Amino acid sequence: MIDFSLPDKIKMQLQMAEYVAKNVMRPKARYLDENEHERPVDYIKTMWPVMADMQRASLERERRKAEAREKGEQLEEAKKKGPSTYFVGLMHLVEMLSWGDVGQYLCTPAAMLGGTAIEAVGTLEQKERFLSRFADPKLPPAWGAMAMTEPGAGSDTSAISTTATLDETTNEWVLNGEKIFCTNGGLALNESNGLVVVWATVDKSAGRAGIKPFVVEAGTPGVKVVKAEIKHGIRASDTVAIVFDNARIPYDNILGSAEVRQRDRESTKGFKGAMKTFDASRPIVAATAVGVARAALELTKEKLQEAGITIRYDAPPHEMTAIERDVIEMEAELRAAWLLTLRAGSMMDHSEPNARESSMCKAKAGEASTRIAQKCVEILGPLGYSREWLVEKLMRDAKIADLYEGTHEINLLIVARQVLNYSSSELPA
């Protein structure tokens with residue numbers, strides 16, 4: 001029998017997150033939407049100690065894993081001790097905070113996507129060096145970010161043109177190029193202890209196999225935030241463009257091997273290893289989509305209730321109104337997206353490969369969130385479309401989950417390749 005009950009620790013985290021969502025985030029949601037680029041100071045102050053504690057616990061888990069490997073403990077022995085609940089707990093936390101306001105959630109002081117990349121492919125020494133700054137609540141708030149998208153490289157990562165050239169005289173990497181749509185890039189680079197994981201090519205002739213992730217820390221000469229984006233939704237979030245002009249970073253700031261072997265050129269295995277970042281980050285994005293959709297649906301049901309319209313769950317389908325059928329269908333779609341998301345997170349906790357499942361939940365949740373939020377506006381009519389209620393804002397916020405961390409179409413393509421066991425050359429974009 002499948003048990004969906006939550007551990008007490010996760011229940012306590014959810015109670016805290018619900019309080020923050022209702023009392024810190026929601027009251028400021030409209031104001032911050034109308035005043036883009038203004039920091040959600042109250043939210044940041046509230047969440048920094050919480051996220052620092054979570055990062056400290058995450059680092060401790062990585063230390064224990066390293067110790068187990070050194071002792072030669074087998075994976076099966078580790079499983080007997082019971083799987084982690086870290087990612088499942090994270091899914092619930094993210095969903096609740098996104099229910100409060102996904103734009104503010106994206107400003108959470110934490111390693112975020114940058115940390116996900118470091119945890120996916122970094123060594124224990126790199127994790128300690130880069131992530132410990134996010135694990136001490138006594139330090140000022142810190143942000144991490146990831147920079148991949150370029151003016152000429154969106155879904156097609158093989159088109160990345162930012163270069164990383166090794167200066168052998170100083171043993172430093174020299175980065176040149178431009179990145180756009182970098183979430184939290186301004187917060188990460190404008191604070192003294194932030195960092196950005198930058199994807200750059202060390203060998204253009206190698207294609208995807210030559211693309212590597214590099215950690216660029218705040219204060220690095222030659223790194224400049226050049227533009228803050230004006231956005232359709234998630235307006236409280238920090239989204240910027242960054243230019244790298246002969247930016248020098250230490251050799252050890254590369255995540256994974258710098259070597260581009262011939263077999264990597266042929267199979268892109270090295271690039272696929274680095275892309276494991278998305279196996280962890282896509283379920284997080286899916287959880288944000290579910291949170292936004294749930295917020296829109298609950299607000300809609302609340303307004304319907306105020307108008308004297310109740311949903312008769314026990315009525316035969318042919319006796320239901322169109323609104324009742326719409327609401328029940330949206331609830332079913334939301335539940336399906338949430339269960340797929342939890343499955344992908346649970347597989348992370350069990351150390352199981354989840355590339356297919358992470359893309360499945362991201363594609364499903366992004367599409368469901370967009371469709372549900374739009375239908376909610378439609379049901380509520382002119383008031384749903386007006387700024388008097390939050391539903392129109394939630395509709396704008398929902399769409400981004402269908403775009404970043406791989407568009408809906410790209411994720412469906414990944415799922416197809418996984419199901420059919422096709423390579424990118426056999427089933428191209």
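The values are calculated or read from the model by the stated rules, or taken from the named source; none is laboratory data. This is a predicted model, so every value here is computed, not measured. Glycine also receives a Cβ, built like all others from the backbone with ideal geometry; neighbour counts cover every protein chain displayed. Surface accessibility is based on the protein's heavy atoms, side chains included, excluding ligands, DNA and RNA. Shrake-Rupley method; radii C 1.70, N 1.55, O 1.52, S 1.80 Å.
Using a 1.4 angstrom probe on the protein heavy atoms only, line up Lys204, Lys127, Lys22 by accessible area, largest first. Display every interim value, and only then the final one.
On the way: Lys204 135, Lys127 20, Lys22 105 Å².
Highest to lowest solvent-accessible surface, that is Lys204, Lys22, Lys127.
When the convex hull of the Cα atoms of region 356-429 is projected onto a plane and the area is averaged over all directions, what value comes out in nm²?
On the way: hull surface 21.0 nm².
So the mean shadow area of the Cα hull is 5.3 nm².
At 20 °C and 1.002 mPa s, what whole-number value in µm²/s does Stokes-Einstein give for the translational diffusion of the chain, with Rh from the Kirkwood sum over Cα pairs?
The diffusion coefficient I find is 95 µm²/s.
With every atom except the alpha carbons ignored, what do you get for Rg and Dmax of region 1-41, in angstroms?
Rg, Dmax (Cα atoms, Å): 15.4, 49.
What's the angle, to the nearest 10 degrees (0 to 90), between helix 8-20's Cα axis and the longest principal axis of the chain?
70
If I take every Cα pair under 8 Å that is 6 or more residues apart in region 35-152, average their sequence separation and divide by the length, what percent do I get for the relative contact order?
Values: 86 pairs, mean separation 50.4, N = 118.
With pairs under 8 Å counted, the relative contact order is 43 percent.
Quick one: ranking Leu175, Leu334 by accessible area, 1.4 Å probe, largest first, what do you get? If you can, show how the numbers build up before the last one.
Details: Leu175 0, Leu334 25 Å².
Largest accessible area first, the list is Leu334, Leu175.
Return one whole number: the accessible area per residue of the chain in Å², for a 1.4 Å probe. List each step's numbers first, then the result.
Details: 20180 Å² over 429 residues.
Each residue of the chain exposes 47 Å² on average to a 1.4 Å probe.
With r defined as the distance between the Cβ atoms of Lys138 and Arg39 and R0 fixed at 22 Å, what FRET efficiency is calculated, to the nearest 0.05? Could the numbers behind the result be given before it?
On the way: r = 21 Å, r/R0 = 0.94.
According to the calculation, E is roughly 0.60.
Order the following by accessible area, largest value first: Val196, Val243. Probe radius 1.4 Å; ligands, DNA and RNA are ignored.
Values: Val196 0, Val243 45 Å².
Listed by decreasing accessible area, they come as Val243, Val196.
What is the Cα centroid distance between region 149-222 and region 351-386, reported in whole angstrom?
31
Out of Ser58, Ser369, Ser237, any idea which swings most in a Gaussian network model of the chain, alpha carbons joined below 10 Å?
Top of the fluctuation ranking is Ser58.
For region 19-163, report the % of Cα-Cα distances exceeding 19 Å. Before the final figure, lay out the partial values.
Details: 6517 of 10440 pairs.
For region 19-163, the share of Cα pairs beyond 19 Å comes to 62 percent.
Carbon and sulfur together cover what percent of the accessible area of the chain at a 1.4 Å probe radius? Please list the in-between numbers first.
Values: 10870 of 20180 Å².
Of all accessible area on the chain, carbon and sulfur atoms account for 54 percent.
So how exposed is Ser424, as accessible area in Å² (1.4 Å probe, rounded to 10)?
60
Average projected area of the Cα convex hull of region 111-193, in nm²? Each step should come with its number before you reach the end.
Working: hull surface 26.7 nm².
Average of the hull's projected areas for region 111-193 equals 6.7 nm².
Could you pull the accessible area for Ile323 with a 1.4 Å probe, rounded to 10 Å²?
50
Using only the Cα atoms of region 294-429, what do you get for the radius of gyration and for Dmax, in Å?
17.8, 56
So which chymotrypsin sites (Phe, Trp or Tyr not before Pro) in region 1-67 pass both tests, a DSSP loop state and at most 10 other Cβ atoms within 10 Å of the Cβ?
Numbers: sites: Phe4, Tyr19, Tyr31, Tyr43; in loops: Phe4.
Counting only loop positions with at most 10 other Cβ atoms within 10 Å, the chymotrypsin sites (Phe, Trp or Tyr not before Pro) in region 1-67 are Phe4.
Please build a GNM for the chain, connecting alpha carbons under 10 Å apart, and tell me which residue among Thr46, Thr85, Thr321 fluctuates the most.
Thr321
For Thr239, list long-range residues whose amide hydrogen, built 1.01 Å from N in the peptide plane, is under 5 Å from its own amide hydrogen.
Asn184, Glu229
How large is the accessible surface of Trp199 in square angstrom, using a 1.4 angstrom probe and rounding to the nearest 10?
For Trp199, the solvent-accessible surface is approximately 0 Å².
Between Gly366, Gly186, Gly152, find the one with the highest GNM mean-square fluctuation for the chain; connect C-alpha pairs within less than 10 Å.
Answer for the Gaussian network model of the chain: Gly152.
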